[in-house]
Amino acid sequence: MIKEKELVKEALEARKMAYTPYSHHKVGAALLTDEGVVFRGCNIENAAYTPSNCAERTAFFKAVSEGYTRFKAIAIVGGMDDAKELPFCPPCGVCRQVMAEFCDDDFKIILAKNENEIKVYTLPEILPMRFGPTNLS
Ligand code: THU
């Protein structure tokens with residue numbers, strides 16, 4: 001199974017595709033399915049602003065639209081276009097909610113500045129007391 005470092009590399013590659021003419025803040029994500037398939041995502045902005053999509057959700061929606069709904073981990077990298085070094089880029093609240101729809105408590109959220117500086121979180125840590133599918137059953 002793919003290692004954390006390799007997933008970060010995939011996220012760094014995904015970040016190169018970010019379409020960010022407005023914020024100039026580029027984010028890349030790499031989402032690992034249960035089967036070991038990786039889906040890359042980047043943020044895609046829009047002149048009307050609200051239709052913009054985050055990198056994480058791009059990755060999730062690509063995967064779900066291809067029939068994958070079970071996931072192990074996501075690597076996220078992001079920072080300003082001209083940043084010399086990337087900071088850690090935490091996922092926004094909306095992306096956390098999308099994770100809550102599809103991911104178990106042991107799903108890993110891997111934030112990275114680069115391949116060597118990595119922090120790993122779980123969903124209960126970054127979205128405690130979340131509303132999810134079980135609330136509707
Ligand atoms: N962004 C992401 O892609 N993921 C996040 O979780 C945080 C924010 C994007 C959205 C927008 O294109 C830019 O970063 C600035 O907010």
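Please treat every number below as a calculation from the coordinates, not as lab data. Note that the structure is predicted; figures quoted are calculated from it, not measured. Because the Cβ atoms are built from the backbone with ideal geometry, glycine has one as well, and the counts that use them run over all protein chains shown.
Would you check if there is a residue in the stretch 63-85 being without any contact (Cβ under 8 Å) to a residue 24 or more places away in the chain and either closer than 17 Å to Met99 by Cβ or touching a strand residue (DSSP E or B) at 6+ places or on another chain (Cβ under 8 Å) (or both)?
So far as the stretch 63-85 goes, yes, one or more of its residues are without any contact (Cβ under 8 Å) to a residue 24 or more places away in the chain and either closer than 17 Å to Met99 by Cβ or touching a strand residue (DSSP E or B) at 6+ places or on another chain (Cβ under 8 Å) (or both).
Mind checking which pairs have a first residue in the stretch 39-57 that is over 20 Å from Ala73 (Cα atoms) and a second that is more than 8 Å from the ligand (Cβ to nearest atom) and of a type in the set (A, V, I, L, M, F, W, C), Cβ under 9 Å, 6 or more apart or different chains?
Cβ pairs passing all conditions: Ile44/Met17.
Kindly indicate the residue of the stretch 43-62 that is assigned to a loop (DSSP other than H, G, I, E, B) and out of contact with any strand residue (DSSP E or B) (no Cβ under 7 Å at 6 or more places or on another chain) and also farthest from Gln97 (Cα to Cα) among those meeting that condition.
Ala47
Going by the structure shown, is Ala63 crowded, with 18+ Cβ neighbours inside 10 Å, more than 11 Å from the chain's Cα centre (by Cα), closer than 26 Å to Asn135 by Cβ and more than 11 Å from the ligand (Cβ to nearest atom)?
yes
Being near the ligand (Cβ under 8 Å from one of its atoms) and exposed (fewer than 15 other Cβ atoms within 10 Å of the Cβ) is the filter; apply it to the stretch 1-33 and report the residue that is farthest from Ala112 (Cα to Cα).
By that ranking, first place goes to Tyr22.
What's the total number of residues in the stretch 59-94 that are out of contact with any Lys or Arg (no Cβ under 8 Å at 6 or more places or on another chain) and of a type in the set (Val, Ile, Thr)?
Residues meeting the conditions: 3.
Considering only residues that are hydrophobic (A, V, I, L, M, F, W, C) and more than 8 Å from the ligand (Cβ to nearest atom), look in the stretch 38-60 and name the one that is surrounded by the most Cβ atoms within 10 Å (Cβ to Cβ).
Ala59
Of everything in the stretch 103-119, what is closer than 18 Å to Ala29 by Cα and touching a helix residue (DSSP H, G or I) at 6+ places or on another chain (Cβ under 7 Å)? Give them in sequence order.
Hits for the stretch 103-119 are Cys103, Phe107, Ile109, Ile110, Ala112, Glu115, Ile118.
Which condition does Leu12 not pass, out of (1) out of contact with any Asp or Glu (no Cβ under 8 Å at 6 or more places or on another chain); (2) in a helix (DSSP H, G or I), if it passes all the others?
Every listed condition holds for Leu12 apart from (1).
For the stretch 24-42, give me each residue that is over 19 Å from Ala83 (Cβ atoms), within 9 Å of the chain's Cα centre (by Cα) and either not in a strand (DSSP E or B) or not hydrophobic (A, V, I, L, M, F, W, C) (or both).
If the condition is that a residue be over 19 Å from Ala83 (Cβ atoms), within 9 Å of the chain's Cα centre (by Cα) and either not in a strand (DSSP E or B) or not hydrophobic (A, V, I, L, M, F, W, C) (or both), then Arg40, Gly41 are the ones that fit.
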